[in-house]
Structures are given as structure tokens and as C-alpha cells.
Amino acid sequence: MDRSEMVETSCQDPINKDSGVEITCFSDAVDETPVHFQIMRFNKQIYAWIGCISAKLGHLHAAGPTRPNNTVSVTSILGGTSDNTGVGIARRLVLRTGLNIILACNLPKGNPLLEIGAEKKLLEKLTSLGYTKPRSDNLPQ
């Protein structure tokens, strides 16, 4: 998949303009593999889907900040715990956005380079959309 084949679409929710739902879909090549992304931004939550090979939902994870220690809790909603592809991504997205994250991840198991690359592309897009909080100087890079 070359750059000329990359596609991005964005739209506001056409049903209810006051809902504040923003939807962004795009595809990109990660390690020469086409990877597809969908981001739905709600008021205090982000739903993201990452997939390649097929448009299946994949494993579904929920992550959110927990009090009082400002840690992140992550749970698997669909897919079990044997394949934790996406758990780390969901946790790191909460740390970068400060929002609740629902992440559906349909990436092949056992390909860490693809997972790292997909997370990087997703984070770049979230940053360009203004969904991430600014990095503090005392946080590790």
C-alpha cells in the first residue's frame, strides 16, 4: 500500500449536531501491512478500532483512569486474556489522553512490530486531532 492509496474520511454525526460525536476513519501502511483505523470521539471517551486483514471487531478492551492514585485500569470485554494485543495500547492511550478508552484491536498475534507501528500511527492521529493532553516535562518520553 503506497501513500497514494491512503484514505482518510472525517465527518460529524449527521443525526444530532449537538451530540459532539466526531468520527475519523483512515488507513495507513505499517511495516508494509495495510492497517485500518476508526476513531469515535465522545464527550469524555474515545472508541478506537485498529484492524488489518479483515474488518472484524477483534478483542475489545476498556481502560480508564482510576482514583486515588491516578493509575489506569484495563479489562478485556471480548476476546479473553490469552491474547493481550491491545491491552498495552489501551493503557497508554488513557495516559496520553486522560479519557476513558474503548479499544477494539484486530491485529495478528505475535507481531509486535505491527502492534507498535499501529499504536504509533493511532497516537499521531489522536495528537493531530487534538485529543491528547500536552506532555509534562517530568513524564518519560
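What the table shows:
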read-out: Matching residues in the stretch 113-137 - criterion: being at pLDDT below 90 and either buried (at least 18 other Cβ atoms within 10 Å of the Cβ) or of a type outside the set (S, T, N, Q) (or both); value: K133, P134, R135, D137
read-out: Counted residues, the stretch 55-98 - those being surrounded by 16 or more Cβ atoms within 10 Å (Cβ to Cβ), in contact with a His (Cβ under 7 Å, 6 or more places away or on another chain), of a type outside the set (G, A, S) and not in a loop (DSSP other than H, G, I, E, B); value: 2
read-out: Meets criteria (farther than 15 Å from T24 by Cβ, surrounded by 11 or more Cβ atoms within 10 Å (Cβ to Cβ) and either of a type outside the set (V, I, T) or within 11 Å of the chain's Cα centre (by Cα) (or both)) for A48; value: no
read-out: Some residue of the stretch 29-45 being surrounded by fewer than 17 Cβ atoms within 10 Å (Cβ to Cβ) and among the acidic types (D, E); value: yes
read-out: Hey, I23 at negative phi and hydrophobic (A, V, I, L, M, F, W, C) or not; value: yes
read-out: Identity of the residue in the stretch 20-36, under 15 Å from T85 (Cβ atoms) and assigned to a strand (DSSP E or B), that ends up nearest to the chain's Cα centre (by Cα); value: V35
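The values are calculated or read from the model by the stated rules, or taken from the named source; none is laboratory data. A quick note: this is a predicted structure, and the numbers were derived from the prediction, not measured. All Cβ positions, even for glycine, are placed from backbone atoms using ideal geometry, and neighbour counts span all protein chains on display.
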